[in-house]
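Asks: One structure follows; several queries about it will come next.
Read the figures in this text as sums done on the coordinates, not as results from a lab. These numbers come from a predicted model, not from an experiment. We place every Cβ from the backbone using ideal geometry, glycine too, and count neighbours over all the protein chains shown.
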Amino acid sequence: MEPFLGASSTISVLKLLPGNCSLCLQPISSQEHCLCGLCISKLPWLKTQCRQCANPLKSNNLCAECQQKPPSYRRCVAAFEYQKDSIDKLIMNIKTNSHSPETAQLSSLLSEVITLAYQDSSMPTIMVPVPLHWRKLLIRGFNQSSNIASILSRKLNNTAILDNICIRRASSSPQHLKSRKNRIQGMGNAFRMHKNIDYKSDNKNNCTNNPIVGQSVAIVDDVVTSGATAESLASTLIRAGAKNVDIWCIARTGWHNRFD
């Protein structure tokens, strides 16, 4: 009789088997998650961008919007420019499959970009995944931003995840279905801190039940589009006492890929 392979043994065997690249469908080695080396090199890596919001630009300058009205967050670090027929397919798998190999591989690539971005500066030590509304979380069954943060925490030293300190106030239609103006208007008051979090005030500098007071925080998301979600959540965290807030995302949408 052949020995029975339990669930953990089956997973171990599957990890040893070669698969196919998610993009070109060519066989890949067991050392690679879901993309072959050639497809990784052809991904739309974000090379030049706005120094603050990471909007793709032809040079590493501040974009016009950040010059006119700087966002609340200090900087955005993104690995790729969101483009169709490449990164969009991988992101869709991340949003629909909690165990997608794309989550592991793209998050690992993002961790490398983050490490390079903070070579000459201090890296945030706290990660806050962008919260989903409880209805959407119930339907989807997982938060893709939390999955990304979990992988980042294993790749980056001295980083902790705070997954439940912020709450999304209301469920809304997907951001990509709205105009940029409507996104910004709709996200103005989208988040609040958990009721058990003490807020920092002028008369209360030591908040015993607020782990972000005086701390550098990184918001983690899969894609930053208009920046409305990032701005709303960053403002909420800063009002709650965060010293500064950065954004870490897999992909950043450029002007030509947005709905106006």
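Asks: Which whole-number percentage describes the relative contact order of the range 44-257, with Cα contacts under 8 Å and a sequence gap of 6 or more?
Replies: RCO, the range 44-257: 27 percent.
Asks: Still on this structure: If amide hydrogens are placed 1.01 Å from N in the peptide plane, which non-local residues have theirs closer than 5 Å to the one on TYR82?
Replies: Close amide H contacts, sequence-distant or interchain: ARG252, THR253, GLY254.
Asks: Summing Lys, Arg as +1 and Asp, Glu as -1, what charge do residues with Cβ under 10 Å from the Cβ of LEU132 carry, LEU132 excluded?
Replies: Numbers: positive: ARG135, LYS136, ARG140, ARG168; negative: none.
Surrounding charge for LEU132 is +4.
Asks: Pairs to check: LYS42/LYS89; LYS136/LYS195; LYS69/LYS243; LYS42/LYS136; LYS95/LYS243. Give those whose C-alpha atoms are more than 25 Å from each other in this structure. Mind showing how you got there, number by number?
Replies: On the way: LYS42/LYS89 14 Å; LYS136/LYS195 21 Å; LYS69/LYS243 20 Å; LYS42/LYS136 33 Å; LYS95/LYS243 30 Å.
Exceeds cut-off: LYS42/LYS136; LYS95/LYS243.
Asks: I would also like to ask the following. For the pair ASN158 and ASN209, how long in nm is the line joining their label points, each one 7 Å along Cα→Cβ?
Replies: 3.0 nm
Asks: Contour minus end-to-end for LYS42 and ARG135, with contour as 0.36 nm per residue of separation and end-to-end as the Cα-Cα distance?
Replies: That works out to 29.8 nm of additional length.
Asks: With a point put 7 Å past each Cα toward its Cβ, work out how far LYS58 is from ASN97 in nm, to one decimal.
Replies: Taking the simple label geometry, LYS58 and ASN97 are separated by 4.0 nm.
Asks: Can you run phi through the Karplus equation (6.51, -1.76, 1.60; θ = phi - 60°) for the range 65-72 and list ³J(HN,Hα) in whole Hz, with x for Gly and Pro?
Replies: Couplings: 5, 5, 6, 7, 9, x, x, 5 Hz.
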